[in-house]
1. Given the conditions (1) buried (at least 20 other Cβ atoms within 10 Å of the Cβ); (2) modelled with pLDDT of 95 or more, and given that Glu121 satisfies all but one, which numbered condition is not satisfied?
2. Just a yes or no: is a residue in the range 199-217 within 18 Å of the chain's Cα centre (by Cα) and not assigned by TED's automatic domain parsing to the domain that holds Thr49?
3. Given Leu43, Leu82, Leu63, which one is over 18 Å from the mean Cα position of the chain (by Cα), surrounded by 14 or more Cβ atoms within 10 Å (Cβ to Cβ) and hydrophobic (A, V, I, L, M, F, W, C)?
4. Counting residues that are small (Gly, Ala, Ser) and touching a Phe, Trp or Tyr at 6+ places or on another chain (Cβ under 8 Å), which strands (runs of 3 or more DSSP E) fully inside the range 46-156 reach at least 1?
5. Output the residue which, of all residues in the range 165-179 that are exposed (fewer than 14 other Cβ atoms within 10 Å of the Cβ) and acidic (Asp, Glu), is farthest from the chain's Cα centre (by Cα).
6. Those residues that are modelled with pLDDT under 95, at negative phi, loosely packed, with under 15 Cβ neighbours inside 10 Å and not basic (Lys, Arg), I need them from the range 126-164; list them, please.
7. Could you list, in sequence order, all residues of the range 151-175 that are touching a residue at least 12 places away in the same chain (Cβ under 8 Å) and within 30 Å of Thr192 (Cβ to Cβ)?
8. Among Glu134, Glu96, which is the only one that is under 15 Å from Ala45 (Cβ atoms) and in contact with an Asp or Glu (Cβ under 8 Å, 6 or more places away or on another chain)?
Amino acid sequence: MRVAADDEVHCGRELPASNAAATWRARQKLGTAARAMLRAAALAAHHRTGYHGARGERRADALIARARFDEGPDVQAAGRRLTALLAPPARGGPREAVVLGRALRAATDAARGYRATGGLEHFDAAVAHGCCAELTESLCQLLRGTEGVCIRLGWSRAAGTPHGWEACPEPFRFAPHDLAALEEAGKHYVRTEPSVPVRVTGTVVRLRRAGPGGPGSVRMDVLAGAEVTQVRARLDEDDYRLAVHAHLAGLPLRISGLLESRGGFRRVSGVRDVAPVPVPEPARERLLKRLRGDLDAFERGLGD
């Protein structure tokens, strides 16, 4: 059913003829892959890079939360057809369906170039158009076990046809022979993505070390300085003591270092300049209240 206010992303999978009735597993795979593809579009809408990892997870989660999914009335299409309905951003900003379309166009061209030359330089060029490891992985998920994939876009009547696009764009098609290109591109993106220097401010939510002295590890909920929700870091004895004091006092902690691409930008290495961050008393009380609530929940879990 056409919803005038929404952009549409139609995902179709050609399953082997022997699979006459799509199973629950096929429906699950299609839904998971479609959501992963939309997450990739949300990430690329705000930052073009080959591998996002944990960066931008909040933004991707927000898109999935506002998206709606429709399998349609045809029971036989379950596991083969799925439509994602995306309301264009109310306050302007990039339309994720448009970003996805550009990225898919770049990915199809890059896959064609890979088949012709065996080189990944086409995928390097595709990054500027939104192609990334998250997108190639979602396409691999869609393709595996099928005879082909077709992705078609439909534009919101309210928002209109985007500049540079046809009212009814040609569908994007991927075949099983594209799997090798997409898999190699994904590995290439992850392998070549650089780590980034950061200065992160966050609340210490976990402290751990082997004994009463020496270095230890901390986990922090990020407040500022990096587009990730949490980071882990290894601290020497003096810096670990500062982290303990900040935690007990309800103060944020600031650290500098290198946010490692390996592992998805979840760990800060080479930590330096560790210091608690003074905050106004009301903000400090809110932090302490939240930390106590987390501790109470933890203790209740132990009692269950």
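1. Glu121 satisfies every listed condition except (1).
2. No, because not a single residue in the range 199-217 is within 18 Å of the chain's Cα centre (by Cα) and not assigned by TED's automatic domain parsing to the domain that holds Thr49.
3. Sole residue among the options that is over 18 Å from the mean Cα position of the chain (by Cα), surrounded by 14 or more Cβ atoms within 10 Å (Cβ to Cβ) and hydrophobic (A, V, I, L, M, F, W, C): Leu82.
4. Answer list for the range 46-156: 81-86.
5. Within the range 165-179, the match that is farthest from the chain's Cα centre (by Cα) is Glu166.
6. Selection gives Glu147, Ala158, Thr161, His163.
7. Passing the criteria: Ile151, Leu153, Phe172, Arg173, Phe174, Ala175.
8. After applying the criteria, what remains is Glu96.
The values are calculated or read from the model by the stated rules, or taken from the named source; none is laboratory data. The shown structure was predicted, so the numbers you read here are calculated from the model rather than taken from an experiment. Note that each Cβ is placed from the backbone with ideal geometry, even for glycine, and that neighbours are counted across all protein chains shown.
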